[in-house]
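In what follows, a structure is listed as structure tokens, so that the remarks can point back to it.
The values are calculated or read from the model by the stated rules, or taken from the named source; none is laboratory data. It should be emphasised that the depicted structure is a prediction, and the values quoted were computed from it without experimental measurement. Neighbour counts are summed over all protein chains in view; Cβ atoms, including those assigned to glycine, are modelled from backbone coordinates with ideal geometry.
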């Protein structure tokens, strides 16, 4: 047996390794690490999910540019559902511009795997994205996922179509934002070139889902494509049953009619729009505008009210601990904020039976009908909104009609049962397996 030369051997690399192990151990004692593993290692452990039912296990790959999916505690596709609870086995490819991630492969849940790639330019993302799929999900027995879902008709769609062509998998395209196609009169810029990818990719999917009916109408999809709107959940179904305990007239006895704005004051632009739209009615000393929110823009709102001579008619409540009670106690909601919080508030207000004037957004116009369940004006049109506020303040029956219809609309159009909603969402995605016939797979080739 050959002996080892212990005197001349360089042990410096071993010392470095031991030091690194010690430092990692100390770091692990301080914070909890997100589980990381390769797909190959994890999948060798056996079936990811064990089922007692006879239902086939479907493995889904989502290709997305939504960095919120990198959240180590919860990966949600709609803001409510955790993919770990919806699908049997989930693989998520997240593509983004920037520096390469230090941990490109994560396994935050037993049945969820996340792969992250980055590139300097948008046109490089499809190449690095597909290479990640090839290296992590291509095995001797084939490609792991059964279904590939693209979350946009641009880079994500290109990756999904290429994988579908190579591995013969069913695909679905989910379009969650409007303005898919670039206007033809626009100056050709790199960003516009990117959007022209939509003209190429959309007709090549046999199954398409959109977040709103308006997007579906804009696309003008051929009849032979399975195109539908994704299910939408109403997470506020119990609001109507909650008892009203707040009396604004008792809290602010100097006022009789209460206008309400709900939203962050970090960016005060939406709140300032509400103040400007309501300014004429606020010269009536019995009318009050309540701003339910907090942020550094509070001083801007107070200054605007003072400049308009209505500072005594403005109340700012920064607690926001009893939103539902304010929605039940107020007389009219002014929804000028068009962010995600604003979209949730209008649904909550409808469930609470509060009439609304609102700035139009794609989601709101898809859910409510102008003059039937709400009064909707164009973004930035303060004159139109001021007219709507005045109209509703002067007509009690119209306020009641809008409130009743808005509440009925939410019950009719949104799923009330989370379990039923989860099943419907899953079924809507998995319908792509049946829409992808052999002829369409050949077309993508």
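Structure notes:
- Among the residues of the range 361-372, some residue qualifies, meaning at least one is without any contact (Cβ under 8 Å) to a residue 40 or more places away in the chain, more than 18 Å from the chain's Cα centre (by Cα) and at negative phi.
- Within the range 402-424, being assigned to a loop (DSSP other than H, G, I, E, B) and either farther than 22 Å from residue 354 by Cβ or touching a helix residue (DSSP H, G or I) at 6+ places or on another chain (Cβ under 8 Å) (or both) holds for 414, 417.
- Apart from one condition, residue 353 fits all of (1) touching a helix residue (DSSP H, G or I) at 6+ places or on another chain (Cβ under 7 Å); (2) under 27 Å from residue 256 (Cβ atoms); (3) buried (at least 18 other Cβ atoms within 10 Å of the Cβ); the exception is (3).
- Here residue 282 clears all of (1) under 18 Å from residue 374 (Cβ atoms); (2) assigned to a helix (DSSP H, G or I); (3) modelled with pLDDT of 95 or more except the condition numbered (1).
- Number of residues in the range 223-267 that are touching a helix residue (DSSP H, G or I) at 6+ places or on another chain (Cβ under 8 Å) and not in a loop (DSSP other than H, G, I, E, B) equals 12.
- Selection count, the range 334-345, where residues are under 25 Å from residue 390 (Cβ atoms) and either in the same structural domain as residue 79 (by TED's automatic domain parsing) or touching a helix residue (DSSP H, G or I) at 6+ places or on another chain (Cβ under 6 Å) (or both): 4
- Test: residue in the range 116-128 that is within 22 Å of the chain's Cα centre (by Cα), part of a strand (DSSP E or B) and touching a residue at least 60 places away in the same chain (Cβ under 8 Å): no
- Filtering the range 306-322 to residues that are in contact (Cβ under 8 Å) with a residue 12 or more places away in the chain and outside any loop (DSSP other than H, G, I, E, B) leaves 308, 312, 313, 314, 315, 316, 317.
- Lone qualifier among 433, 367, 375 - being modelled with pLDDT under 95, buried (at least 21 other Cβ atoms within 10 Å of the Cβ) and either touching a strand residue (DSSP E or B) at 6+ places or on another chain (Cβ under 7 Å) or more than 18 Å from residue 278 (Cα to Cα) (or both): 367
- Criterion applied to 346, 357, 383 was being more than 28 Å from residue 254 (Cβ to Cβ) and in contact with a strand residue (DSSP E or B) (Cβ under 6 Å, 6 or more places away or on another chain), and the one residue passing it is 346.
- Yes/no for residue 133 being buried (at least 19 other Cβ atoms within 10 Å of the Cβ), in the same structural domain as residue 67 (by TED's automatic domain parsing), assigned to a helix (DSSP H, G or I) and under 22 Å from the mean Cα position of the chain (by Cα): no
- Odd one out for residue 288, checked against (1) assigned to a helix (DSSP H, G or I); (2) touching a helix residue (DSSP H, G or I) at 6+ places or on another chain (Cβ under 7 Å); (3) within 18 Å of residue 326 (Cβ to Cβ): (1)
- Residue in the range 152-172 that is surrounded by fewer than 22 Cβ atoms within 10 Å (Cβ to Cβ), modelled with pLDDT under 80 and either outside any loop (DSSP other than H, G, I, E, B) or not assigned by TED's automatic domain parsing to the domain that holds residue 61 (or both) present: no
- Flag for residue 410 being out of contact with any strand residue (DSSP E or B) (no Cβ under 7 Å at 6 or more places or on another chain), within 16 Å of residue 342 (Cβ to Cβ) and buried (at least 18 other Cβ atoms within 10 Å of the Cβ): yes
- Matching option when the condition is assigned by TED's automatic domain parsing to the domain that holds residue 341 and either under 17 Å from residue 335 (Cβ atoms) or not in a helix (DSSP H, G or I) (or both), among 303, 270: 270
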